[in-house]
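See below for the structure under consideration.
None of the figures in this text is laboratory data; all of them are computed from the coordinates on show. Everything numeric here is computed off the predicted structure, so don't read it as measured data. Glycine also receives a Cβ, built like all others from the backbone with ideal geometry; neighbour counts cover every protein chain displayed.
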Amino acid sequence: EKQRSILLDSSSRFPPPPGVKLSYGTAGFRADATILQSTVFRVGILAALRSLKTQSVIGLMITASHNKVSDNGVKIADPSGGMLTQAWEPFADALANVPDSLHLVQLVDDFVMKENIPLEVVQSAVILLGRDTRPSGESLLEAAKQGISSIVGAVAVDMGVLTTPQLHWMVRFRNKGMKATEMDYFNQLSNSFRCLIDLIPPGSSVNVMDKLIVDGANGVGGEKLQVLKKVLHGLDIQIRNSGKEGVLNDEVGADYVQKEKVVPRGFAPADAGMRCASLDGDADRLVYFSAIQNSNNRIRLVDGDKILSLFALFIKEQLSILNDNEGDRETNSYPATLGVVQTAYANGASTDYLKHLGLEVVFTPTGVKYLHEKAAEYDIGIYFEANGHGTILLSEGLLQWLDGRSSEPSLTSKGSEQQKAALRLLAVSKLINPAVGDALSGLLLVEAILQHMGWSIHRWNELYHDLPSRQLKVKVVERSAVVTANAETVVVRPLGIQEAINAETAKYPRGRCFVRPSGTEDVVRVYAEASTEEAADNLANSVAQLVD
Ligand code: NG1
Ligand code: ZN
């Protein structure tokens with residue numbers, strides 16, 4: 001009927017590039033931008049079907065994050081603002097790789113049947129589209145629109161250039177029936193930041209904080225931070241690499257800074273010692289650093305693990321104020337569970353530190369979909385990848401209880417410590433992006449907590465000392481030949497490799513090492529940690545040879 005012929009017709013205009021096999025991976029589809037037209041068109045179809053199925057607003061983001069400017073990619077935001085449900089990933093793979101339009105129509109037909117998607121009845125589907133600053137983004141966005149409009153009743157709304165977390169945020173709040181424009185986003189961030197600053201105990205903050213210098217990776221994050229700055233009070237920010245001159249992710253950005261542990265381009269010798277932050281290409285990752293004077297561009301890196309530690313410390317402090325019921329027997333405490341979620345890439349010293357604080361630390365495989373899912377099991381779940389992607393999730397139950405605590409009349413009159421702690425946690429819940437890791441909101445939370453503690457970046461960095469670590473990539477013919485278990489810490493195939501890794505690792509004090517296939521690049525990654533730089537390098541190199 002009509003739907004079939006529209007789909008047949010439009011998909012024949014987007015033939016897939018021959019001989020390319022794509023997989024949805026840890027962050028959607030990614031490849032050289034020139035081969036992505038058909039993929040993005042097809043993901044447009046998927047987004048429309050997803051919207052029909054869930055009867056909710058869906059997001060489609062065109063970005064390749066920290067990858068080079070000539071790459072691009074596409075990923076879906078589900079109704080909650082989170083990643084596409086894993087249950088649909090096999091369909092995404094099948095759809096992206098189907099050879100021609102006849103097969104495509106058949107595949108869609110079968111899937112619609114299987115999932116019971118209401119195509120016949122006239123339904124409406126809404127898909128919000130966003131893209132980062134990559135030059136290929138515009139024409140790929142057009143392909144996505146074509147894909148969406150080949151499903152009857154589906155409407156694409158172009159939100160323009162956005163950070164990935166902005167799009168996820170908009171999807172989430174649109175589905176809660178709220179206004180969710182870009183300005184709403186900026187206002188919510190700046191208001192909740194202000195709230196946290198106003199709640200700083202008198203005397204405990206450094207009144208004048210030095211300015212923060214931010215590396216915008218020559219991408220969308222720097223651009224958006226310029227806008228946010230205008231509605232923000234109480235923070236002095238200077239933005240570098242805002243995209244006007246340099247190339248996206250070219251020796252700039254959070255991925256480069258975290259992996260290479262050097263100063264990004266665009267910084268001057270005079271910046272040494274200053275508090276600096278770096279965003280990635282779509283602003284969902286954040287790391288801090290400070291350049292070491294006369295050191296060949298070396299830095300003190302304050303990575304995602306340390307951001308996680310700072311957040312955990314602050315939240316734990318607020319919870320213990322709330323649960324301190326001395327002289328206040330009337331009020332019930334809330335048995336809030338607090339959990340932190342890391343991956344095998346977390347520095348061993350961070351895990352030791354968090355456990356030492358008495359926190360529950362759990363591990364998942366790489367990929368925020370896994371971390372996010374785990375964190376959602378707690379009243380407060382904090383997750384971070386070492387590379388700076390992470391956020392904080394607070395349960396509805398806890399938020400309601402906090403709401404009650406913060407407005408109890410008996411407490412209000414006293415302006416008690418408990419009331420303030422409740423208000424702080426509520427402000428955190430409004431500042432932090434509940435959908436995905438968000439460099440802009442994460443940055444504001446870091447800044448608010450540093451002011452609250454009265455800490456410099458150096459004091460923060462002293463929470464613990466990172467173990468020296470090294471990451472390598474090994475190009476292999478078939479990365480899927482490497483199969484891992486136990487949150488990617490053990491290789492189960494090819495047989496024998498794990499024994500060899502164990503034997504190497506045993507040679508080094510505090511040695512730890514693992515390998516895993518990347519979900520976003522055609523490589524196998526090697527991570528090694530040991531008590532000295534040299535040992536970490538040697539361990540990584542010798543294990544890389546085992547995989548090669
Ligand atoms: P892969 O390529 O699967 O290692 C990388 C990051 C992930 C995650 C995704 C999505 C490392 C070692 N890996 O995944 O943590 O952020 O990209 O962007 O940083
Ligand atoms: Zn990113």
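Let me spell out the model: positive unit charges on the Cβ of Lys and Arg, negative unit charges on the Cβ of Asp and Glu, origin at the Cα centre of segment 1-129. What dipole size does that give, in debye rounded to 20?
Using only the charged Cβ atoms, the result is roughly 240 debye.
Say the dipole of segment 427-548 comes from +1 at the beta carbon of Lys and Arg and -1 at that of Asp and Glu; which of 465, 490, 523 then lies farthest toward its positive end?
The residue sitting farthest along the positive end of the dipole is 490.
Show me the ranking of peptides 12-21, 42-51 by mean Cβ neighbours inside 10 Å, starting with the highest.
Highest to lowest by the protection proxy: 42-51, 12-21.
Per 10 Å bin from zero, what fraction in whole % of the C-alpha pairs of segment 358-405 is there, up to the bin with the longest pair?
In order of increasing distance, the bins hold 25, 48, 22, 5 percent.
Among the DSSP beta bridges whose two residues both lie in the chain, what percent are antiparallel, rounded to the nearest 5?
Rounded to the nearest five, the antiparallel share is 60 percent.
Just how far, in whole angstrom, is segment 419-474 from segment 59-96 if you go by their alpha carbon centroids?
27
Report relative contact order for the chain in percent, whole number only (criteria: Cα-Cα under 8 Å, sequence separation at least 6).
12
Highest mean first, how do 415-423, 368-376, 460-468 rank when packing is the count of other Cβ atoms within 10 Å averaged over residues?
368-376, 415-423, 460-468
Residue farthest toward the positive end of the dipole of segment 416-524, with Cβ of Lys/Arg at +1 and Asp/Glu at -1: which of 474, 505, 432?
Positive-end residue among those listed: 505.
Apply the Debye scattering formula to segment 128-268, with a single equal point scatterer on each alpha-carbon and no solvent, then give log10 I(q)/I(0) at q = 0.10, 0.13, 0.15, 0.19 Å⁻¹.
Cα-only, vacuum Debye calculation for segment 128-268: -0.47, -0.75, -0.94, -1.22.
What's the magnitude of the charge dipole for the chain around its Cα centre, counting Lys and Arg as +1 and Asp and Glu as -1 at the beta-carbon? Answer in Debye, nearest 20.
460
Within the set 176/244; 53/75; 229/261; 75/355; 53/145; 176/369, which residue pairs have Cα atoms separated by over 29 Å?
176/244; 75/355
Per-residue ellipticity at 222 nm for the chain, helices alone: DSSP H runs ≥ 4 residues times -39500 (n - 2.57), over residue total, nearest 500 deg cm²/dmol?
-13000 deg cm²/dmol
Restricting things to alpha carbons, tell me how big the chain is in terms of Rg and Dmax, in Å.
Using the Cα atoms of the chain, the pair Rg, Dmax is 23.8, 74 Å.
Work out the length of the dipole vector of segment 50-116 about its Cα centre, built from +1 on the beta-carbon of each Lys and Arg and -1 on the beta-carbon of each Asp and Glu, and round it to the nearest 20 debye.
240
Below 12 angstrom from the Cβ of residue 10, what's the summed charge of the other residues (Lys, Arg +1; Asp, Glu -1)?
Here the count lands on +3.
Projected onto the charge dipole of the chain (+1 at Lys/Arg Cβ, -1 at Asp/Glu Cβ, origin at the Cα centre), which of 254, 91, 321 gives the Cα projection farthest towards the positive end?
254
Among residues other than residue 233 whose Cβ falls under 14 Å from its Cβ, what is the net charge (Lys/Arg +1, Asp/Glu -1)?
Charge balance near residue 233 sits at 0.
Tally the DSSP beta bridges in segment 47-160 and give the antiparallel ones as a percent, rounded to 5.
35
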